[in-house]
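Below: one structure, written as structure tokens.
Nothing in this text is a laboratory measurement; each read-out follows from the coordinates by a stated rule. Remember, it's a predicted structure, so these values are computed and weren't measured experimentally. As a convention, Cβ positions derive from the backbone with ideal geometry for all residues, glycine included, and neighbour counts pool all protein chains shown.
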Amino acid sequence: MPDVSLYWFRDDLRLVDLPGLSAAASRGPVVPVYIRDTRLGGEWKIGGASQWWLHHSLDQLTRDLNTLGVPLILRSGDTQTILLQLAEEAGASQVYCSRQYQPWAGELERAIHDALEARGIALKRYPGTLLHEPEHISTGSGTPFKVFTPFWRACGKAPTPQPPIPVPSISAPAGAVASESLTDWGLLPQKPNWADGWETMWQPGEAAASIALTQFLQNHVQHYDHGRDVPSEPNTSRLSPYLRFGNISPRQVWHAAHAAKLDDPGVSPSIDKFLSEIGWREFCYHLLFHFPTMPDEAFNPKFTFFPWGEDLQRLKAWQTGQTGYPIVDAGMRELWQTGFMHNRVRMVVASFLTKHLLLHWRAGEAWFWDCLLDADLASNACSWQWVGGSGADAAPYFRIFNPVAQGEKFDKAGLYTRHWVPELAGLPDKYLHKPWEAPEATLAEANITLGQNYPHPIVDHKAAREAALSAYATLKDI
Ligand SMILES: Cc1cc2nc3c(=O)[nH]c(=O)nc-3n(C[C@H](O)[C@H](O)[C@H](O)COP(=O)(O)OP(=O)(O)OC[C@H]3O[C@@H](n4cnc5c(N)ncnc54)[C@H](O)[C@@H]3O)c2cc1C
């Protein structure tokens, strides 16, 4: 009898550098399965834009496995029940997987381990999509890090991440195992199809991830250090959705980046900066693992009673890119139309929501969760808390981005803003980021009537800044 294994795909939708899959394949035939368990995650169930990426990643993985002669089995329902059923159907004596780090993952994996073990089936869990396991990096006193710089220094002293392993030679067992249809899962938007055209902007899946990494390291990384904050230029990798779904592993990124450094030592500072951003991703996972309430509660308890506002009209204006601050509106429209937003602009819009509009960071976190292709529980929660001032190693709350100054500094020539806010395209650079200061004649020449085809600013920067600082002052009494 062949020694059949299940490989349970999760946030690791690729074939290269998957130690669990290689281990399973080396034992005998493998039944790869992806389970859609809509009960997992509570309010952090996968959002709309991410479902689009998931659909296409699964579609691509199915094709990649088919070329090896192995079908991907899709099942929906309770994860534990399905793994038990499928192991029985396939006659599998072990289930392999990569671990996950969300607050519910550990308990789920323990329960599945025990249920499988009771039937004589082993659960073999391998490291997930991180460079270092969260338990392996700690302060001198054995506690989790709460500050990025010493965390990343400790990662640098930890054993080098394992080099990526190639696609294993893999075979399927004799006999068909039933699968559901991906199309029936309805992961793609239908009416309306708000993702229309996304397939021309994004190619999810493993092969495209590898191309994106190679092209970034060959053509763009040299500009990363100085140019990563300019949203109109292609100086960042745009690898985040690939990393989120495990179309590529951070180990692959780490090793490719180090190889590029050896090839051209001149790009070392830029590559180190890029790797430190991969380090921020790692840090966010470290924090989520050790502080599982991060997506829901202020990390700094002082912020628990912060006087957040509840103005839904303001929230709507922010979500739809109608705040009257051009760089903020450009970012929010980029997000809606492409499922992505440049990091600098993410910081600007997040600061605007939490400080100018005094709305809760959780409202922004939830909107990003639904709209981002790379929506990631760890990075999203930590970044929102970081900008909002309540997070670990956070930007101090009193550091309030001026959206006009941010626009003028990082989108000086206005390429980004004019692209996403085309009604302002005719304004001269001098007024692009503050149309309310433009003389009537200049506005008329650019076909702009404030309040009609572009909004007046919904808050005054100076007054909003003062209101934010007064709200912040209330924390001092706690
Ligand atoms: C309010 C807010 C919310 C965010 N939500 C998410 C999210 O849900 N998912 C997500 O992946 N990133 C999130 N980020 C972080 C960051 O904006 C994106 O990772 C980055 O813009 C992705 O673009 P890139 O792949 O071109 O990044 P690059 O600059 O090329 O960086 C390489 C990789 O490093 C990681 N990375 C870069 N910056 C950060 C960061 N600040 N924190 C954590 N990881 C980082 C990403 O995996 C990224 O792909 C958020 C940032 C902010 C300010």
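Can you compute the charge dipole magnitude of region 45-201 about its Cα centre, using +1 on each Lys and Arg Cβ and -1 on each Asp and Glu Cβ, nothing else charged? Give it in debye, rounded to the nearest 20.
Working: 12 positive and 15 negative charges, 122 e Å.
Around 580 debye, computed over region 45-201.
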Suppose every Lys and Arg Cβ carries +1 and every Asp and Glu Cβ carries -1, with no other charges. What dipole size does region 4-128 come out with about its Cα centre, to the nearest 20 debye? 120
List the aspartates and glutamates whose Cα lies under 19 Å from the Cα of Lys261, skipping any in the same chain that are fewer than 8 positions away. Asp225, Asp272, Glu277
What is the distance in Å between the Cα centroid of region 95-170 and that of region 281-303? 18
Determine the alpha carbon to alpha carbon distance for each of Lys355/Lys462; Lys409/Lys430; Lys409/Lys434; Lys316/Lys409; Lys355/Lys430 and list only those over 21 Å. Lys316/Lys409; Lys355/Lys430
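Asn66 to His456: FRET efficiency via 1/(1 + (r/R0)^6), r the Cβ-Cβ distance, R0 45 Å, to the nearest 0.05? Before the final figure, lay out the partial values.
Details: r = 56 Å, r/R0 = 1.24.
E(calc), rounded to 0.05, equals 0.20.
Note the full-extension length gain between Ala405 and Asp429 as 0.36 nm times their separation in residues minus their Cα-Cα distance, in nm to one decimal.
7.4 nm
Report the local net charge at Ser181: Lys and Arg +1, Asp and Glu -1, summed over other residues whose C-beta lies under 13 Å from its C-beta.
So the environment of Ser181 carries a net charge of -1.
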If the cut-off is a Cα-Cα distance under 18 Å, which aspartates and glutamates reach Lys45, setting aside same-chain residues fewer than 8 apart in sequence? Asp11, Asp12, Asp37, Asp78, Glu107, Glu109, Asp296, Glu297, Glu365, Asp370, Asp374, Asp376
Between Glu88 and Thr293, what is the label-point separation in nm under the 7 Å Cα-to-beta-carbon projection? 4.0
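Mind checking region 352-411 for chymotrypsin sites (Phe, Trp or Tyr not before Pro) that DSSP puts in a loop (not H, G, I, E or B) and that have at most 16 other Cβ atoms within 10 Å? If you can, show how the numbers build up before the last one.
Working: sites: Phe352, Trp361, Trp367, Phe368, Trp369, Trp384, Trp386, Tyr397, Phe398, Phe401, Phe410; in loops: Tyr397, Phe398, Phe401.
Here the chymotrypsin sites (Phe, Trp or Tyr not before Pro) that fit, given the DSSP loop and packing criteria, are Phe398.
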7 Å from Cα along Cα→Cβ at both Thr200 and Glu133: what's the point-to-point distance in nm? 4.7
Label-zone membership for region 258-287, site Asp225, 7 angstrom Cα→C-beta point, backbone N under 20 Å: 258-280
Identify the residues of region 176-196 with backbone N under 20 Å of a label point that sits 7 angstrom from the Cα of Ala115 along the Cα-to-Cβ direction, or state none. 178-180
With labels modelled as points extended 7 Å from the Cα through the Cβ direction, what inter-label distance (nm, one decimal) is found for Ser276 paired with Arg39? 4.6
Going toward the positive end of the dipole of the chain, with +1 on Lys and Arg Cβ and -1 on Asp and Glu Cβ, which of Leu188, Cys155, Ala413 do you reach last? Cys155
So for region 18-93, using the alpha carbon gyration tensor with a ≥ b ≥ c as root eigenvalues (a/c under 1.5 gives rounded; past that, a/b versus b/c decides prolate or oblate), I'd call it oblate
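Placing unit charges on C-beta atoms (Lys and Arg positive, Asp and Glu negative, everything else neutral), compute the dipole magnitude of the chain about its Cα centre in debye, rounded to 20.
On the way: 41 positive and 51 negative charges, 145 e Å.
So the magnitude is around 700 debye.
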Using the Karplus curve 6.51 cos²θ - 1.76 cosθ + 1.60 with θ = phi - 60°, work out ³J(HN,Hα) for each residue of region 221-235 in order, rounded to whole Hz, and write x for Gly and Pro. 4, 4, 9, 4, 3, 9, x, 5, 8, 9, x, 7, 10, x, 8
Mind jotting down the distance between the C-alpha centroids of region 1-62 and region 332-389, whole Å? 28
Within region 1-95, list the trypsin sites (Lys or Arg not before Pro) lying in a DSSP loop whose Cβ has at most 15 other Cβ atoms in a 10 Å radius. Arg39, Lys45
Whose amide H sits under 5 Å from the amide H of Arg36, counting only residues 5 or more places off or on another chain, with H placed in the peptide plane? Arg75, Ser76, Gly77
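Any idea what the relative contact order of the chain is, in percent, if you count C-alpha pairs under 8 Å spaced at least 6 apart? The partial results should precede the final answer.
Working: 751 pairs, mean separation 81.1, N = 478.
Relative contact order of the chain: 17 percent.
With a sphere of radius 11 Å drawn around the Cβ of Ala413, what net charge do the other residues whose Cβ falls strictly inside it have (Lys, Arg +1; Asp, Glu -1)? Display every interim value, and only then the final one.
Details: positive: Lys412, Arg418; negative: Glu233, Glu408, Asp411, Asp429.
Charge balance near Ala413 sits at -2.
So how much slack lies between Ala473 and Ser171, counting 0.36 nm per residue of separation and subtracting their Cα-Cα distance, in nm?
Values: separation 302, 0.36 × 302 = 108.72 nm, distance 6.36 nm.
Full extension of this stretch gives 102.4 nm more.
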For the chain, can you list the cysteines whose C-beta has no other cysteine C-beta under 4.7 Å from it? Cys97, Cys155, Cys371
With the charge dipole of the chain built from beta-carbon charges (+1 for Lys and Arg, -1 for Asp and Glu) about the Cα centre, the Cα from Pro71, Gly197, Gly426 projecting farthest to the positive end belongs to Gly426
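Would you work out if the chain is rounded, prolate or oblate? Take a ≥ b ≥ c from the square roots of the eigenvalues of the alpha-carbon gyration tensor; rounded if a/c is under 1.5, else prolate when a/b is larger than b/c, oblate otherwise. Provide the component values of the computation, followed by the final result.
Working: a/c = 1.84, a/b = 1.72, b/c = 1.07.
Since a/c reaches 1.5 and a/b is larger than b/c, the shape of the chain is classed as prolate.
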